[in-house]
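The next block holds one structure in the form of structure tokens; read it before the comments.
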Amino acid sequence: MKTLIVGGGGFIGAHLLEEILRNHRNWQVTVIDINSEKISHLLLDKNVKFFEIDIVRNSIEDHVSDCDVMLPLAAIASPAVYVTDPLRVFELDFEANLKIIKWAVKYQKRVIFPSTSEVYGMCADEEFLEDESNCVTGPVSKQRWIYSCSKQMLDRVIYAHGLKNNLDYTLFRPFNWIGPKLDDISNPESGSSRVVTQFLSNIIHGKDIKLVDGGNQIRSFTDIADAIAALIKIILNENNCATRQIFNIGNPHNQTSIKNLAQEIVELAKKYDQLKSLAEKTKIIEIDPNEYYGKGYQDVSCRIPSIKKAETVLQWTPTVSLRESLRKIMDDLFKKNASSR
Ligand code: NAD
Ligand code: UDP
């Protein structure tokens, strides 16, 4: 199978590529990205071709026409950037990806598209359901929602091409996937990365952990190994079970408040020699959302997936607890064996 991973040098792409090269040796993978740092150790494999291409400025039509299945993963997925640079988010997450979807329609290629849990926005449902829950966003002045709207619009375009042009697609909605290589741990600046990396980076650099709005927001964290197992099932698409379907890929058992997450990360850090004294000094403080992100921010207070559909249709169930997942991230950073903890 010829697999095209656009943005394959990022967090999800790097883990997916590792898994494909480990267990699916008959797949040929083409990776397109502007950065190959996270996958540099994989690029000598004969089954991988890497192309450094900026998809905002260049066509990748030839690559799309040449694949069997495509995962367009390139996007800006950091809430701070939705507020500070919404047009860059729109240009990449919507405009550049729309072009790719149109080529997939033109050449009748299967597309596995990363929607997002953010499309549900401030939906009041206790658990979000793929085919029933509302997508609820805030006012235009709250620029945070440009990411959610860009992804939602692409979901709708892809869905329409499925109905009208028989496009073979699957939309998957990640719920806070976490793991090694998530974001750049070396940058402790507020808002520079997603929350788990941010908190760890704060500890490592001797900075306070800042809880936006008190940290009562609930998120469901999903270990990347569980997430990649779901993605592989979607790519394999046994009996076309994933064709023209939307799946939440999350772990409702790993739901926690951001405040609890901060405490858990600090306690875990104390068990690592390199971090013990820094973690003991780390303060967890509260901060106003406008001060942290700027006025264009609005938070999602509770985000929990229903995964019944993925469990039933894909025969997939996540197994890694939040604590274990955090341990794996720390062990990767400090190259230690988890068994002693
Ligand atoms: P990531 O930021 O780690 O990876 C994105 C990759 O896209 C990066 O390697 C980046 O270099 C590349 N890229 C950026 N601009 C590019 C350009 N102009 N041309 C080519 N490549 C470019 O993100 P990720 O966590 O791997 O997420 C992948 C997809 O999944 C994204 O579409 C994201 O919106 C979606 N998603 C992820 C999560 C999550 O929990 N990680 C949650 C919801 C949705
Ligand atoms: N958050 C926080 N402090 C930080 C970074 C994030 O309190 O230093 C909060 C943020 O406001 C959000 C949650 O943590 O409620 C998750 O943030 P993330 O950036 O991972 O993305 P989200 O889940 O909102 O897409």
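Residue-wise HN-Hα couplings along the stretch 63-78, as the Karplus relation 6.51 cos²θ - 1.76 cosθ + 1.60 with θ = phi - 60° gives them from phi, are 5, 5, 5, 9, 9, 9, 9, 10, 10, x, 9, 5, 6, 8, 10, 10 Hz; Gly and Pro carry x.
Taking a ≥ b ≥ c as the square roots of the eigenvalues of the alpha-carbon gyration tensor, the stretch 3-67 is classed oblate because a/c is 1.5 or more while a/b is no larger than b/c.
Each of 115, 167, 177 was scored by the projection of its Cα onto the charge dipole of the stretch 100-204, and the greatest displacement toward the positive side belongs to 167; charges sit on the C-beta of Lys, Arg, Asp and Glu.
Of all aspartates and glutamates in the structure, those lying under 16 Å Cα to Cα from residue 295, and not within fewer than 8 positions of it along the same chain, are 85, 213. Averaging the Cα positions of each part gives two centres, and for the stretch 81-148 and the stretch 281-341 these lie 21 Å apart.
Taking the charge dipole of the chain about its Cα centre, with +1 at Lys and Arg Cβ atoms and -1 at Asp and Glu Cβ atoms, the residue from 254, 75, 152 reaching farthest to the positive side is 254.
With an a/c value of 1.5 or above and a/b not larger than b/c for the gyration tensor axes a ≥ b ≥ c computed over the alpha-carbon atoms, the stretch 115-156 is described as oblate. When each full DSSP H helix of the chain is screened for a Cα extent of at least 20 Å along its own axis and an average Kyte-Doolittle hydropathy of at least -1.0, the helices passing are 145-165. Between residue 302 and 218, the built amide H atoms are under 5 Å apart, and every one of these is 5 or more places off in sequence or on another chain. Rank 124, 186, 334 by how far each Cα sits towards the positive end of the charge dipole of the chain (+1 on Lys, Arg Cβ; -1 on Asp, Glu Cβ) and give me just the farthest. Selected residue: 334. Counting only residues at least eight positions apart within a chain, or on another chain, the aspartates and glutamates with an alpha carbon under 18 Å from that of residue 109 are 61, 62, 66, 68, 155, 168, 238. This model, with +1 at the C-beta of Lys and Arg and -1 at the C-beta of Asp and Glu, gives the stretch 63-105 a dipole about its Cα centre of some 80 debye. Once you order the gyration tensor axes a ≥ b ≥ c over the Cα atoms, which shape class does the stretch 224-341 get: rounded for a/c under 1.5, otherwise prolate or oblate by comparing a/b with b/c? Note, shape of the stretch 224-341 comes out oblate.
Pairs over the 28 Å Cα-Cα cut-off, from the set 2/99; 233/335; 181/283: 233/335.
Rounded to the nearest 5, the antiparallel percentage of DSSP beta bridges internal to the stretch 198-341 is 35%. Here's the list of lysines a cross-link from residue 281 could span, going by alpha-carbon distance under 20 Å and ignoring same-chain residues fewer than 8 apart: 207, 210, 259, 270, 271.
What's the magnitude of the charge dipole for the chain around its Cα centre, counting Lys and Arg as +1 and Asp and Glu as -1 at the beta-carbon? Answer in Debye, nearest 20.
I would put it at about 400 debye.
Relative contact order for the stretch 264-341 using alpha-carbon pairs under 8 Å, separation at least 6, rounded to a whole percent?
Taking the mean separation of contacting Cα pairs over the length of the stretch 264-341, I get 25 percent.
For the pair the stretch 174-218 and the stretch 238-271, the centres of their Cα atoms are 15 angstrom apart. Placing +1 on the Cβ of every Lys and Arg and -1 on the Cβ of every Asp and Glu, with nothing else charged, gives the stretch 184-341 a dipole about its Cα centre of roughly 260 debye.
Every number in this text was worked out from the coordinates using simple rules, so none of it is lab data. Being a predicted model, the structure only gives us computed values, none of them experimental. As a convention, Cβ positions derive from the backbone with ideal geometry for all residues, glycine included, and neighbour counts pool all protein chains shown.
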